[in-house]
Amino acid sequence: MTTTIMIILAAGFLLFSIIKSRKKTKKSVMIAKQMFLNTFIDVAGIMALVGLVLALLPPDLIKQLLGGGSKILSTIFGALIGTVTIMPAFIAFPLSKSLYMSGAYLVTIAAFLTTLTMVGVATYPIEVRHFGRKFTLVRNGISFVMALVIAFGMGILL
Amino acid sequence: MKKILKKYKLILLAIVLYGIFFIFKRDIFFTAINMTGSFLLEMLQVLPPVLVISALITVWVPSELIRKSLGNKSGIKGKLLSLVIGSISAGPIYAAFPAVLVLFKKGASVSNLVIILSSWAVIKAPMVLVEINFLGLRFALTRVALTIPAILVMGHLVEKLVKRENIGEKTENTAKSIKDIESRLPNLNCGACDYSDCSSFAEGVFQGETTMKQCVVLQKQIKSEVSIIGQKTD
């Protein structure tokens with residue numbers, strides 16, 4: 001849904017830009033094209049590798065790791081697994097639900113879901129290329145800790 | 001040749017591994033291909049509009065405006081605007097990198113940079129709906145309610161720990177090395193100079209293959225900030 005809105009928005013701005021100035025529009029399109037090619041080359045390889053890892057690591061194994069044991073340990077596991085994997089939402093949410101059904105702690109699931117999108121080992125090289133090593137390390141490090149804080153906060157509230 | 005190999009090393013590695021699995025474990029190959037296909041499809045839908053909007057911002061929106069609304073002095077309004085920008089944008093976090101870099105280069109603060117990135121990653125209106133669907137209203141809303149303050153704190157902490165110069169352009173000295181040249185470039189990797197990215201362009205400038213003038217984005221900035229950049233390029 002948001003994607004459709006974004007596409008409409010982008011097309012609208014582009015049209016407006018063409019009306020205002022062809023030259024500037026041409027320049028914009030060139031910039032966008034090159035950014036796309038660069039990102040695509042960066043991301044496609046990573047996606048292919050993550051796809052392979054997810055195929056090798058069936059959801060059942062993740063379930064085993066997050067399913068039981070101590071609350072604190074499984075939550076840290078949850079945060080770690082979220083950190084090293086990328087998963088589309090349509091896999092992550094059903095997986096989380098089945099985790100919950102099979103007895104995993106809510107805290108664990110919250111940690112997993114938060115680090116899944118906010119902290120990225122797989123996207124690390126891309127982030128470094130854009131923002132540099134220091135920023136990437138600090139941002140991901142703080143995000144990881146914050147994801148744990150959010151998760152344990154939920155444990156207190158729910 | 002070496003450069004090409006380096007640039008495509010992940011893709012090459014993936015191709016080799018997929019080849020091995022195709023021969024020995026065909027079922028895993030197909031599961032993986034399906035997974036990768038869905039990732040790529042998402043990317044093809046999301047990246048073009050995000051990048052077109054980013055490129056239009058690069059060309060059209062004056063730095064003043066970004067600095068005013070998202071810069072160091074934008075205060076709580078800037079933080080709220082960053083949260084809104086992040087959460088209404090579509091796509092995974094890697095789509096956010098080039099887009100947010102554009103805003104940063106135009107003067108958005110480090111803290112707002114982190115806020116946009118993080119909210120882009122975690123707070124998504126349609127995603128929250130899916131989450132409610134699967135995990136319940138209470139779970140989803142509590143997670144969002146806790147994430148928002150956490151993101152604001154994160155922005156503050158990262159800003160304290162990472163200086164702007166460590167992320168963006170450095171504004172000192174004349175070119176002594178490729179790194180120096182690179183640090184003066186916008187690092188948008190836009191490719192309008194016909195080099196694949198800013199570091200190859202910097203290398204080109206250093207070796208005299210091309211000049212700083214070929215950097216389209218920098219030329220634009222020079223027009224608006226003649227005095228500052230003029231001193232540096234002398």
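Figures for the structure shown
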item: Scan of the stretch B:51-94 for residues that are over 23 Å from B:H156 (Cα atoms) and part of a helix (DSSP H, G or I), ordered by number; result: B:L51, B:V52, B:I53, B:S54, B:A55, B:L56, B:I57, B:T58, B:V59, B:W60
item: Lone qualifier among B:L81, B:L56, B:L47, B:L65 - being farther than 26 Å from A:Y124 by Cβ, at the interface with chain A (Cβ under 7 Å from one of its Cβ atoms) and either hydrophobic (A, V, I, L, M, F, W, C) or surrounded by 14 or more Cβ atoms within 10 Å (Cβ to Cβ) (or both); result: B:L56
item: Count of residues meeting criterion [more than 19 Å from A:G120 (Cβ to Cβ) and under 22 Å from the mean Cα position of the chain (by Cα)] in the stretch B:118-147; result: 1
item: Exclusive hit being in contact with a Cys (Cβ under 9 Å, 6 or more places away or on another chain) and either closer than 23 Å to B:A32 by Cα or buried (at least 19 other Cβ atoms within 10 Å of the Cβ) (or both), set A:M35, A:M6; result: A:M35
item: The one condition in (1) free of Cβ contacts under 8 Å to residues at least 40 places away in the same chain; (2) closer than 22 Å to A:M47 by Cβ that A:L157 fails to fulfil; result: (2)
item: Test: residue in the stretch B:14-27 that is within 8 Å of chain A (Cβ to nearest Cβ), farther than 16 Å from A:I46 by Cα and modelled with pLDDT of 85 or more; result: yes
item: Scan of the stretch A:121-146 for residues that are more than 12 Å from the chain's Cα centre (by Cα), without any contact (Cβ under 8 Å) to a residue 24 or more places away in the chain and more than 7 Å from chain B (Cβ to nearest Cβ), ordered by number; result: A:V128, A:R133, A:T136, A:L137, A:G141, A:V145
item: Unique residue being more than 7 Å from chain B (Cβ to nearest Cβ) and either farther than 20 Å from B:Y18 by Cα or among the charged types (D, E, K, R) (or both) when the list is A:A10, A:A79, A:A32; result: A:A79
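The values are calculated or read from the model by the stated rules, or taken from the named source; none is laboratory data. Values in this document were obtained by computation on a predicted structure and should not be read as measured data. As a convention, Cβ positions derive from the backbone with ideal geometry for all residues, glycine included, and neighbour counts pool all protein chains shown.
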